[in-house]
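**Q** Just dropping this structure here.
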Amino acid sequence: VVTIIPASIALFDSVAHCLHGTEDGSVSRFFRTFKSELLRGILLSLVWLAIFCGLLYGFLILFRMGQENSVMAAYSLVYLITMLIPLGVLAWLIPVESRFHHSFFGLFKAAAVYAIGHLPTTILLLVILIVAALMVMVLPILGLLMPAIAVTLQCWFVERVFMKYLPQEENEDE
């Protein structure tokens, strides 16, 4: 669980470089990026684990209260929808970390700016993640391929956004 973010960063980085054709060794790229992002990624994983445990705990309290009171049921639904905001930030955190260099808190800020500033893409990233997770839950064998498929789809949309922020020379190289 604690290596999920560094592994996701490495997967996104290797898929992005393969899609751009800038590097042939995707497996070696994955492990090189995983190794370089491991400590920071574990810290990110622990922070996000704490955030989601707190958010889930709040939702469970509202859900239990909503079983007895219809007003609280409405609050739990609103809370559940609001939980998509941190998920959207997390969906951008991994690509931003793989492509740009930020301080620890700057990374959260940049991911939030991308998540809010590119809301349609954020919604699309979340839909891809949710559909991939549901497919793996229905057919667990897809867990072998679905991460790469989901990241490839996400990479296609994220890189289009990133091209607006990269220097022109780097855009031409890629």
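**Q** Whole Å is fine, so just give me how far the alpha carbon centre of segment 69-90 lies from that of segment 1-51.
**A** Here the two parts' Cα centres lie 29 Å apart.
**Q** For segment 4-92, run through the GluC sites (Glu not before Pro) and keep only the ones in DSSP coil with at most 10 other Cβ atoms within 10 Å of their Cβ. Walk me through the intermediate numbers first.
**A** Numbers: sites: Glu23, Glu37, Glu68; in loops: Glu23, Glu68.
Filter output for segment 4-92: Glu68.
**Q** Take the solvent-accessible surface of the protein heavy atoms, probe 1.4 Å, and return the percent of it on the chain that carbon and sulfur atoms account for. Write out the running numbers ahead of the final one.
**A** Details: 7690 of 10520 Å².
Exposed carbon and sulfur together represent 73 percent of the surface.
**Q** For the chain, what is the relative contact order in percent, using Cα pairs closer than 8 Å and at least 6 residues apart in sequence? Could you put the intermediate results ahead of the total?
**A** Details: 143 pairs, mean separation 40.8, N = 174.
Across the chain, relative contact order equals 23 percent.
**Q** I've got another one for you. For segment 70-147, what does the alpha-carbon gyration tensor say about shape, rounded, prolate or oblate, given a ≥ b ≥ c as the root eigenvalues, a/c under 1.5 as rounded, and a/b over b/c as prolate?
**A** Working: a/c = 2.43, a/b = 1.11, b/c = 2.20.
In terms of gyration-tensor shape, oblate.
**Q** Please work out how much length the chain gains when fully extended from Ala50 to Asn69, using 0.36 nm per residue of separation minus the C-alpha to C-alpha distance, in nm with one decimal. Mind showing how you got there, number by number?
**A** On the way: separation 19, 0.36 × 19 = 6.84 nm, distance 2.84 nm.
Between Ala50 and Asn69, full extension yields an extra 4.0 nm.
**Q** May I ask for the net charge around Pro6, where only other residues with Cβ less than 13 Å from the Cβ of Pro6 are counted and Lys, Arg are +1 while Asp, Glu are -1? Provide the component values of the computation, followed by the final result.
**A** On the way: positive: Arg32, Lys35, Arg40; negative: Asp13, Glu37, Glu97.
Net local charge, Pro6 excluded: 0.
**Q** Note down the relative contact order for segment 1-102 as a percent, whole number, built from C-alpha pairs under 8 angstrom at least six residues apart.
**A** Details: 76 pairs, mean separation 33.2, N = 102.
33 percent.
The values are calculated or read from the model by the stated rules, or taken from the named source; none is laboratory data. Everything quoted here is computed from the prediction, not taken from an experiment. Every residue, glycine among them, receives a Cβ derived from its backbone with ideal geometry; neighbour counts consider all protein chains shown. The area values use the complete protein model at the heavy-atom level, side chains included, leaving out ligands, DNA and RNA. Shrake-Rupley method; radii C 1.70, N 1.55, O 1.52, S 1.80 Å.
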